[in-house]
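**Student:** Before I ask anything, here is the structure I am working with.
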Amino acid sequence: HFLLLGAAIWLGTMLLSYVRHWTILRAMGVPVALRQAVHVGWIGSFYNMVLFGGVGGDLAKVGYLLRLSPGRKAAILSSLPVDRALGAVSLFAIGGGAVLWSWDEFVAEPRLHAVVVGTFAALGVAGL
């Protein structure tokens, strides 16, 4: 049961990241349908996991998106760092929420004080 739950959570997070990138593309004026953005996202995820490492998927996404919207090169290229930054801010926010949720346990354990300070420092830097 835990394997199915893990797979469902992984699938949900992947789809959310594709929708996030599609929203950024739309905000930058790139006319891409949600279905196309999800398709390109899956292709990028494949290349990230199998062939070229962390950058290969981004290169694949750029290539496919340029085929779909050839006149929007600058917007497509700039959408990737924006997407990565929003993903990082989201992770920091989740980490901050987890610290707040378990605040009493973090305060009670002196070894975790650095985790608390680091998490909120990262949130502060991400908020800049």
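The values are calculated or read from the model by the stated rules, or taken from the named source; none is laboratory data. Just so you know, these numbers come straight off a predicted model, no measurement behind them. Quick reminder, even Gly has a Cβ in these numbers, built from the backbone with ideal geometry, and neighbours come from all protein chains shown. Only protein heavy atoms, including side chains, enter the accessible area calculation; ligands, DNA and RNA are left aside. Shrake-Rupley method; radii C 1.70, N 1.55, O 1.52, S 1.80 Å.
**Student:** Limited to the stretch 1-32, what total is found for residues that are part of a loop (DSSP other than H, G, I, E, B) and either small (Gly, Ala, Ser) or in contact with a helix residue (DSSP H, G or I) (Cβ under 9 Å, 6 or more places away or on another chain) (or both)?
**Tutor:** Residues meeting the conditions: 5.
**Student:** Another question, if that's okay. I'd like the residue in the stretch 59-68 that is over 19 Å from the mean Cα position of the chain (by Cα) and of a type in the set (A, V, I, L, M) and, out of all such residues, is nearest to VAL125 (Cα to Cα).
**Tutor:** LEU66
**Student:** Considering only the stretch 85-128, how many residues are exposed (fewer than 13 other Cβ atoms within 10 Å of the Cβ), under 16 Å from the mean Cα position of the chain (by Cα) and not small (Gly, Ala, Ser)?
**Tutor:** Summing the residues that are exposed (fewer than 13 other Cβ atoms within 10 Å of the Cβ), under 16 Å from the mean Cα position of the chain (by Cα) and not small (Gly, Ala, Ser) in the stretch 85-128 gives 2.
**Student:** Next question. Filter the stretch 69-83 down to residues that are within 20 Å of LEU16 (Cβ to Cβ), free of Cβ contacts under 8 Å to residues at least 60 places away in the same chain and not hydroxyl-bearing (Ser, Thr, Tyr) and give me whichever is surrounded by the fewest Cβ atoms within 10 Å (Cβ to Cβ).
**Tutor:** Looking at the filtered set, the residue picked out is PRO81.
**Student:** Then there is this: Any idea which residue in the stretch 69-111 is nearest to ALA121 (Cα to Cα), counting only those that are among the polar types (S, T, N, Q) and not in a helix (DSSP H, G or I)?
**Tutor:** Out of the qualifying residues, it is SER102.
**Student:** On the basis of being modelled with pLDDT under 95, among the basic types (Lys, Arg), open to solvent by 60 Å² or more (accessible area, probe 1.4 Å) and assigned to a helix (DSSP H, G or I), does ARG35 make the cut?
**Tutor:** For ARG35, the condition - modelled with pLDDT under 95, among the basic types (Lys, Arg), open to solvent by 60 Å² or more (accessible area, probe 1.4 Å) and assigned to a helix (DSSP H, G or I) - is not met.
**Student:** When residues of the stretch 38-68 are filtered for being in a helix (DSSP H, G or I) and either open to solvent by 70 Å² or more (accessible area, probe 1.4 Å) or among the aliphatic types (A, V, I, L, M) (or both), how many remain?
**Tutor:** 17
**Student:** Here's something else I'd like to know. Residues in the stretch 22-36: is at least one aliphatic (A, V, I, L, M), out of contact with any Phe, Trp or Tyr (no Cβ under 6 Å at 6 or more places or on another chain) and touching a residue at least 60 places away in the same chain (Cβ under 8 Å)?
**Tutor:** Yes, there is a match, as at least one residue in the stretch 22-36 is aliphatic (A, V, I, L, M), out of contact with any Phe, Trp or Tyr (no Cβ under 6 Å at 6 or more places or on another chain) and touching a residue at least 60 places away in the same chain (Cβ under 8 Å).
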